[in-house]
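Report on the structure given below.
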Amino acid sequence: MSRPTLALLAVATLVLGCYKDDARTLGPPSRKPMAKVFLTDDPFPFDSVQSVQVYIVGIDVSTRPDTGTSADSMHWVSVAAPHRQVDLLTLQQGLTDSLGIGEVTADQYKAVRVTINVDSSAGIRFKNGSPAVVRWNGSGQESYAVFVQAPISVPDTGAVIVIDFDVGRSFVYNQLGDGAFDFFAAIRAVNRAATGNISGIVSHDSSGGPAGPVADATVSAWGGGPNNWFILSTGKTDAAGHYRLAYLLPGTYIVGVEPPSGSNFGSALDSNVAVNAGAETTHNVILSPFRGSVLIQGAASMLVNHTNRLEAFVITPQHQQDTTAAVTWQNLDTAVLGLVTYVDSTHVSRVTSRAVGTGRIVAASGGLADTLVIHVAPDSTP
């Protein structure tokens, strides 16, 4: 029979000193072993925001997979009940902050939930001091399921669990064109001992001026693959161009870099960045001046046996739309998607979802291309 283990849950550290705890015994010799749990967050992508305050009520874990946030409540075990506010913007490049301590049984945990209070003083504030409008899509205490990439093993000797709260994807800005933020929780959990990191410098080449670092670029790590790529972690570069994507499980990732708004740099993409447990992979990126782009407009998710319209926009180096440029389309996953193009209007096509899965559609023009990844789900309609 497995025996109880103490779990310490942490959320966001404002100082690097929290990492020094790792070399110490997780508890006094007379106590049962402890499993530390950390919550971290990815930096918010908008330079005009001063703070993102979230009131954390508690963190619960369960050995059962796909446990609803309210159903089967007897199977949830509380590991922390901090009842305090955290500024998620203070969590940069893998920093963490302790939330509390709770007793759990040494086991494999397949579900995690985070409970926050959306009626407290939580919210977003702009740098000019004014509060932003946040639609929390709920009221009072709300529990949110956490994406558990792999079962989190908590042995008798203890473990460190990291809960990654992605601010950039959780707070969607101006979705309705009213300047407000809509909250859709994007949170994941991993066993820190099983993870590695990606870090590096984003700079620009000497085309059109001296080379140098690129600040405020958005860096994303895509996991899943080969037919189910999705964003796992996002970060931003600091003034020296440095970024760090922390707590990634071993595997091969796509790393994408988007330049800051208003710059004349192009984006970059590398589909073969390897991560090993306990190691930090260095991945430096050099951005070149923007030379134009192709953008596909269309839904990134569909129900099976449905048809959607796609349209490709060709953008010139002067950031103008070219409506006369010819566009060629390609379907990379014919088992999942079907593609119909038009002779009289190459900018428009139709895509049909043939089977559940993930497919890719490519639109190209004059050496430029864009890929739309489409996730196809079952249609439960009778």
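Indicate, rounded to the nearest 5 percent, the antiparallel portion of the DSSP beta bridges found entirely in the range 131-204.
65
Give the peptides 328-334, 58-64 in descending order of average Cβ contacts within 10 Å, highest first.
58-64, 328-334
With every protein chain kept in the model, how would you rank 302, 74 by accessible area, 1.4 Å probe, largest at the top?
Descending accessible area places them as 74, 302.
From largest accessible area down, sort 341, 358, 90; use a 1.4 Å probe on the protein chains.
The residues order as 341, 90, 358, largest area first.
For residue 229, what accessible surface area do you get with a 1.4 Å probe? Give it in Å², rounded to 10.
Number for this one is 50 Å².
Please list, in order, the residues from the range 301-330 whose amide nitrogen is less than 13 Å from a point placed 7 Å along the Cα→Cβ vector of residue 369.
328-330
Quick check on packing: order 350-356, 51-57 by the mean number of other C-beta atoms within 10 Å, highest mean leading.
Taking the mean over residues of other Cβ atoms within 10 Å, the ranking is 51-57, 350-356.
Out of all DSSP beta bridges with both ends in the range 129-282, state the antiparallel percent to the nearest 5.
That works out to approximately 80 percent antiparallel.
Kindly identify the range 222-295 as rounded, prolate or oblate by the Cα gyration tensor criterion: order the square roots of the eigenvalues as a ≥ b ≥ c, call it rounded if a/c is under 1.5, otherwise compare a/b with b/c, prolate if a/b is larger, else oblate. Don't skip to the end; give the middle numbers.
Values: a/c = 2.31, a/b = 1.44, b/c = 1.61.
Taking the square roots of the gyration eigenvalues as a ≥ b ≥ c, the range 222-295 is oblate.
How long are the semi-axes of the ellipsoid equivalent to the range 235-381, from square roots of 5 times the Cα gyration tensor eigenvalues, in whole Å, largest first?
Here the semi-axes work out to 30, 24, 11 Å.
As an exercise, use a Förster radius of 30 Å and the Cβ-Cβ distance of residue 207 and residue 345 to find the FRET efficiency, rounded to the nearest 0.05.
Rounded to the nearest 0.05, the efficiency is 0.30.
If you project the alpha carbons of the range 294-353 onto the principal axes, what extent comes out on each, in Å, largest first?
If we take the Cα atoms of the range 294-353, the spans are 39, 23, 17 Å.
Rank-order 291-299, 173-181, 151-159 by packing density, defined as the average count of other C-beta atoms within 10 Å over each peptide's residues, highest first.
Averaged packing, sorted descending, gives the order 151-159, 291-299, 173-181.
The values are calculated or read from the model by the stated rules, or taken from the named source; none is laboratory data. This is a predicted model, so every value here is computed, not measured. A quick note on method: Cβ atoms are made from the backbone with ideal geometry, for glycine too, and the neighbour counts reach across all protein chains shown. Heads up: the accessible areas ignore ligands, DNA and RNA and are worked out on the full protein's heavy atoms, side chains in. Shrake-Rupley method; radii C 1.70, N 1.55, O 1.52, S 1.80 Å.
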